[in-house]
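For reference, the structure discussed in these notes is given below.
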Amino acid sequence: MNPSSEHIPRVSTRARWWPARRTGRAAAGTGIALTLLAGSTYAATALMDVPAPHDLARLQSTQPSRQGDRFPARTVTTASTTSELPASPQPAPRTVPWKGGSLPFEQFLETTHTNAFVVLQDGKITHEWYADGVTADTRMSSWSMAKSLVSLLVGQAVQRGELSEEDRLVDLLPELRTGGAYDTVTVRHLLDMSSGIDVDENYKPWWPFTGTARMLLTRDLPAFVRDHRSVTYAPGSQATYRSVDTQMLGLVLSRVEGRPLAEILGERLWGPMGATRTATWNLDRDGGTEKAFCCVNATARDFARVGQLVLDRGRAGGRQVIPEQWIDRLSTPTPHSIDGWGYSAQWWHPTGGNGKDFSAIGVYGQYTYVDPVSRTVIVKLSDHGTQQDEQETIDALRSIAHGDA
């Protein structure tokens, strides 16, 4: 994609799930056939160690922002000392740019099914809005914004000398060694989505048992990654959005630290940045493995604190929480773009704008947008379409950040 096409809806392979509401499809066939079909479906889910069909139906009927409530989770703790975000209220923007025209701000929030919207400028809340039934204390799902959190934890581990970007995956997780091209995948490849690991982002709501859909549903993530150890191209030769890359990074972090990922997030990031609410990180099963590629459930304000931490070049509470070198790393796009956008260390660099802004992005309209030029952080948590209106939303956030609305 180039700037001249930034209002064309882009087709992305980013992790997604089926819409929360779907109309039913008329059943056909005899009662015997339906019974056999139901029996085979239950057998298939049991064999694949994923939730049974009735649990899948409950998940499907739950809004994406609250699907974290449907999975087991581990608590992400915060410190006893938290940081308050000072308020400096400013009038809401009147309009935002939208698909070649403009849209009233309130209509923008409604059209994109926004649940929470928080704007920080110079570390102060200038605008905060919540939908009915949502408050500043409501935890909602990050979806793939969790990938950007994993990046920050990797940057810390690199600084401590526990990891190097040149480390091979199979040297860190030797049980995955194959003797083939998979063994050349490095931490750098995983960070930049250039591993080529063959786990497709394709989703089929009527058969969600392959690719990232199955990775989301499986009750045994370590077994899942052992079963998917082939590559579709030479690692490092190109980049393709693959959620499995982040899952591998999560497994690596847990291995080098010898403890669960949620515990690491709490001690290394959530506490030091002054989060005011505990978060949760969804697991494959009770007491199991974190879904590193998604599914951190937190408040909009605490997601905003993550953005402010990055904007402040890794500093929070008077200390360097994330290495400055890592902020430089994630804020500089790599040579391999993904879906027409820049990408680096699990953070997105959308086309257009001032060329300095970047964002954590999750499916269904989750954004932690960071613009160093205007010193702005914007968090938008939503229940919108899968990858619907992403460029348009970024353009709207840019307009708000620079006071153009």
Give me the number: length gained by fully extending K356 to A181, i.e. 0.36 nm times residue separation minus the C-alpha to C-alpha distance, one decimal in nm.
59.5 nm
Using modelled amide H (1.01 Å from N, peptide plane; none on Pro or chain starts), what sits under 5 Å from the amide H of T95, excluding residues fewer than 5 places away?
F105
Spelling out what I want: for every residue of region 57-65, take phi, set θ = phi - 60°, compute 6.51 cos²θ - 1.76 cosθ + 1.60 (Karplus), and round to whole Hz; glycine and proline get x.
5, 5, 4, 5, 8, 9, 4, x, 5
How far, in nm, would the chain grow between R255 and D227 when pulled straight, counting 0.36 nm per residue and subtracting the alpha carbon separation?
8.2 nm
Taking a cut-off of 20 Å, what percent of all Cα-Cα pairs in region 297-387 are separated by more than that?
35 percent
Cα-based radius of gyration of region 153-245 once divided by 2.2 N^0.38 Å, which approximates compact folds
1.11
With a ≥ b ≥ c taken as the square roots of the eigenvalues of the C-alpha gyration tensor of region 77-167, please select rounded if a/c is under 1.5 and otherwise prolate if a/b is larger than b/c or oblate if it is not?
prolate
For region 272-287 and region 306-340, what is the centre-to-centre distance using only Cα atoms, to the nearest Å?
21 Å
Directionally averaged shadow of region 118-187, computed from the convex hull of its alpha-carbon atoms, nm²
8.1 nm²
What Kirkwood radius, in Å to one decimal, follows from the Cα pairs of region 254-405?
16.5 Å
Using modelled backbone amide H atoms (1.01 Å from N, in-plane), which distant-in-sequence or interchain residues come within less than 5 Å of L283's amide H?
A73, R74, K291
If the chain between T135 and Q107 were fully stretched, how many nm would it gain, using 0.36 nm times the residue separation less the Cα-Cα distance?
8.1 nm
If R0 = 35 Å, then T332 and A79, at their Cβ-Cβ distance, give a FRET efficiency to the nearest 0.05 of 0.70
Part-to-part distance (alpha-carbon centres) for region 141-215 and region 78-93, which is given in Å:
34 Å
Long-range share for region 87-236, i.e. C-alpha pairs more than 23 Å apart as a percent of all pairs, stands at 58 percent
Along Cα→Cβ, 7 Å out, is where each label goes; now give me the distance between the ones at R94 and S164 in nm to one decimal.
5.8 nm
List the GluC sites (Glu not before Pro) within region 65-142 that fall in a DSSP loop (any state other than H, G, I, E or B) and whose Cβ has at most 16 other Cβ atoms within 10 Å.
E84
Please list 3J(HN,Hα) in residue order for region 295-300, calculated via the Karplus relation 6.51 cos²θ - 1.76 cosθ + 1.60 where θ = phi - 60°; whole Hz, with x for glycine and proline.
6, 8, 9, 8, 7, 4
Please report, largest first and rounded to whole Å, the three semi-axes of the ellipsoid equivalent to region 191-317, where each semi-axis is the square root of five times an eigenvalue of the C-alpha gyration tensor.
28, 18, 14
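All of the numbers you see were taken from the coordinates with simple rules; none came from a lab. For clarity, every value in this text was computed on a predicted model and none was experimentally measured. Glycine gets a Cβ as well: all are built from the backbone with ideal geometry, and neighbour counts include every protein chain shown.
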